[in-house]
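Enquirer: Quick one: this structure, given as structure tokens, is what I'll be asking you about.
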Amino acid sequence: MSDCIFCKIISKEIPSEIIYEDENTLVFLDINPATKGHCLVIPKEHYETILDVPEDVLCKVIKTVKKISSALSKTNPGMSVVQSNGRAAHQEVDHIHFHVIPRSENDGQLLTWKAGSYAENESKSIANEIRSSITP
Ligand SMILES: [Zn+2]
């Protein structure tokens, strides 16, 4: 996609610190890292969200996420893998990407959420709603 910043990184129109590349995926450093070594893993083909990317491509991307996670685990005690879809989830670039963020105790990041709760029987109705939406 011509106006996509990640597609321009793939085509090398925009420079980036590329960490890994294979036929289908690319990994590069996020220029605004949550922690040092924060990587972005993307498919080389342009797909906007997890709903758009074909399963075979997604499998290749997640294999690369594991490869990079394994590399980062050699020097970091933990990592967060984050993938967001849509503006409501704060997806900022419309080319599916996985953040792989090295973590350490007290790294100052708050990649977490406040734990909520369900009212009585609310979880049952929400679970039923989700179950009925699953495509076989
Ligand atoms: Zn793109």
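Taken together, the values in this text are just the output of simple stated rules run on the coordinates, not laboratory data. None of the values given here were measured: they were computed from a predicted structure. Positions of Cβ are backbone-derived with ideal geometry, glycine not excepted, and every protein chain shown enters the neighbour counts.
Enquirer: Which cross-chain or sequence-distant (5 or more) residues have an amide H under 5 Å from the amide H of MET79, H modelled 1.01 Å from N in plane?
Expert: Amide H neighbours of MET79: ARG103.
Enquirer: For the chain, report the translational diffusion coefficient in µm²/s to the nearest whole number, using Stokes-Einstein at 37 °C, 0.692 mPa s, and a Kirkwood Rh over Cα pairs.
Expert: 197 µm²/s
Enquirer: Same structure again: In the chain, once you exclude exposed trypsin sites (Lys or Arg not before Pro) (DSSP loop, at most 14 other Cβ within 10 angstrom), what's the longest stretch remaining?
Expert: Value returned for the longest uninterrupted segment is 75-113.
Enquirer: Ok, one more. On alpha carbon coordinates alone, what is the Rg over Rh value for the stretch 1-69, Rh being the Kirkwood radius?
Expert: 0.94
Enquirer: Between ARG87 and LYS114, how many nm apart are label points set 7 Å from Cα along the C-beta direction?
Expert: Between ARG87 and LYS114, the simple spin-label model gives 2.4 nm.
Enquirer: Using Cα positions and a limit of under 16 Å, work out the lysines in reach of LYS12, with same-chain residues fewer than 8 apart set aside.
Expert: Cross-link targets: LYS44.
Enquirer: Same structure, new question: Within the stretch 30-130, which GluC sites (Glu not before Pro) sit in a loop by DSSP and count at most 12 neighbouring Cβ atoms inside 10 Å?
Expert: Values: sites: GLU45, GLU48, GLU55, GLU92, GLU105, GLU120, GLU122, GLU129; in loops: GLU45, GLU48, GLU92, GLU105, GLU120.
Hits after loop and neighbour filter: GLU92, GLU105, GLU120.
Enquirer: Among the listed pairs LYS66/LYS114; LYS8/LYS60; LYS36/LYS67; LYS63/LYS124; LYS36/LYS74, which have their C-alpha atoms separated by more than 23 angstrom in this model?
Expert: LYS66/LYS114; LYS63/LYS124, as the Cα separations exceed 23 Å there.
Enquirer: Separate question: Please turn the phi angles of the stretch 88-105 into ³J(HN,Hα) values with the Karplus equation 6.51 cos²θ - 1.76 cosθ + 1.60 (θ = phi - 60°), one per residue in order, whole Hz, x for glycine and proline.
Expert: 4, 9, 6, 6, 9, 10, 7, 9, 3, 8, 10, 8, 10, 10, x, 10, 9, 4
Enquirer: Given THR75, HIS46, TYR20, which one lies farthest toward the positive end of the charge dipole of the chain, if we put +1 on the Cβ of every Lys and Arg and -1 on the Cβ of every Asp and Glu?
Expert: THR75
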